[in-house]
Every structure is written in C-alpha cells, then in structure tokens.
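Report on the following structure.
Each reported figure results from applying straightforward, stated rules to the coordinates on display, with no laboratory input. Bear in mind that the values here come from a model prediction, so they are computed numbers and not experimental data. Note: ideal-geometry Cβ built from the backbone for every residue, glycine included; neighbour counts use all protein chains shown.
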Amino acid sequence: MEKADIEAPLVLIAERDQSVRRLQALFLERAGFVVEFSDDGEQALERALAIRPAVLVTEILIPKLDGLALCRAVRENPLTRDTPIMVFSILGAAQRAAEAGATAFLRKPLVDSIFVAAVQDLIAAQPPRLREKQWASKS
C-alpha cells in the first residue's frame, strides 16, 4: 500500500446495488478517499469494528442487518460509537435514520458533487483527535 493510500480517509459503504457501488467508488476515489464495500449489514458492522472507517455510509435496505439496525449497533459499541454515519437511501426516512443514530441522511439518486461533499462534511466535522485515531487504526 502506498503512503498516499495510508493517509487517505477510508469510507466503508454498505450498499447492495452494484451500479451505485461502482459510481460511489469512482466519485470518492477521485476525491482522494479509499473505499471499501460490504455486502450486508453484518459484514459492515464486522468491518467497521476491524478498520474503524473515517465514515460509514449505509443504505437502509441491505440484507442480514438493515441499515438502521447497523446504525444502532455501531452507536452501541465503544470502538465505533463516534464514527460518522450517513444513511444514503431511496426511502424518505431521515427521521428514522436520525433516531437510529445516523449523523447525516442523504436521499438517492446519487449526485456526484452532493455525495462527495456530504462525506467531506462528515469528516471535517470530526474533532482532529478522533480523525487521527480512526485513520491510524487502519493498519
């Protein structure tokens, strides 16, 4: 892994739609992020605990552990409770997402500039000490 990859913020995304995943990766990688995908909520929770991403992005309608249950599980664990979570969904469920512990809600469809700006805003809003702790734990 190159030095630039180590310093780039890692975004973990739980998304079931392959075409959306390809676009998310394209947009975020072009903006300087490292992107990892999970196929379902259980895998996303496991990966969040292991890699401590700078941001977790989740769709609500993912298998095994839906996106709202994923938010609650991330918030309940001391290792991940401060991880910014963006729920990115076709469903109009901003209030439910907030109640589950999401930091932000973005409604589909995917728009390059809005999606990337939302991820950047979540990272910028973190205390610097927290950002350093999360990024350093990737190794």
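Table for the structure above
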{"read-out": "Linear extension gain, residue 90 paired with residue 107, 0.36 nm per residue minus alpha-carbon span", "value": "5.6 nm"}
{"read-out": "Fewest-first ranking of 56, 61, 68, 106, using other Cβ atoms within 10 Å as the exposure measure", "value": "61, 106, 68, 56"}
{"read-out": "The range 83-100 - phi-based ³J(HN,Hα) in whole Hz, Karplus 6.51/-1.76/1.60, Gly and Pro as x", "value": "5, x, 10, 10, 8, 10, 9, 6, 6, x, 10, 4, 5, 4, 5, 4, 5, 7"}
{"read-out": "Extension gain (nm, one decimal) between residue 22 and residue 123, 0.36 nm per residue minus Cα-Cα", "value": "34.2 nm"}
{"read-out": "Cα→Cβ-extended label distance, 7 Å offset, between residue 40 and residue 114, nm", "value": "3.1 nm"}
{"read-out": "The range 1-85: mean projected area of Cα convex hull, nm²", "value": "5.3 nm²"}
{"read-out": "Charge dipole (debye, nearest 20) of the range 3-130; +1 at Cβ of Lys and Arg, -1 at Cβ of Asp and Glu", "value": "180 debye"}
{"read-out": "Net length gained if the chain between residue 72 and residue 98 were fully extended (0.36 nm per residue, minus Cα distance)", "value": "8.3 nm"}
{"read-out": "Hydrodynamic radius of the range 11-139 per Kirkwood, over alpha carbon pairs, in Å", "value": "14.2 Å"}
